[in-house]
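One structure is given here, and the rest of the page talks about it.
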Amino acid sequence: GFVPGLFGTSHGALQFMAYEDLKLRYNKYRNRVSDTKLNTVEYITMAAVSKIFAVSATYPYQVVRARLQDQHNTYSGVFDVIHRTWR
């Protein structure tokens, strides 16, 4: 479980990357300096959208990891889990 656990840390990295990119793009769209502070609603919106992006990108990994850890089923590997889940 060490390697899959390390892969799981990408969730936070993806969320932070998306959050920063959204802030920069939003400030550019509003013709503001890139480090302009956002108001509360803008911060909440950027956080929610970046979280949705990170969850969407990493959720399939969470399903595969959970199925590999399931003691009631036997899989021959990651590709077997993906194939049987897709089916």
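The values are calculated or read from the model by the stated rules, or taken from the named source; none is laboratory data. For clarity, every value in this text was computed on a predicted model and none was experimentally measured. Every residue, glycine among them, receives a Cβ derived from its backbone with ideal geometry; neighbour counts consider all protein chains shown. To get the accessible areas, we keep the full protein, side chains included, count just its heavy atoms, and leave off ligands, DNA and RNA. Shrake-Rupley method; radii C 1.70, N 1.55, O 1.52, S 1.80 Å.
Some values worked out for this structure:
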{"read-out": "Unique match (being of a type in the set (A, V, I, L, M, F, W, C) and under 30 Å from T85 (Cβ atoms)) among V41, V49", "value": "V49"}
{"read-out": "Enumeration of residues in the range 1-30 that are of a type in the set (S, T, N, Q) and either modelled with pLDDT of 95 or more or open to solvent by less than 80 Å² (accessible area, probe 1.4 Å) (or both)", "value": "S10, Q15, N27"}
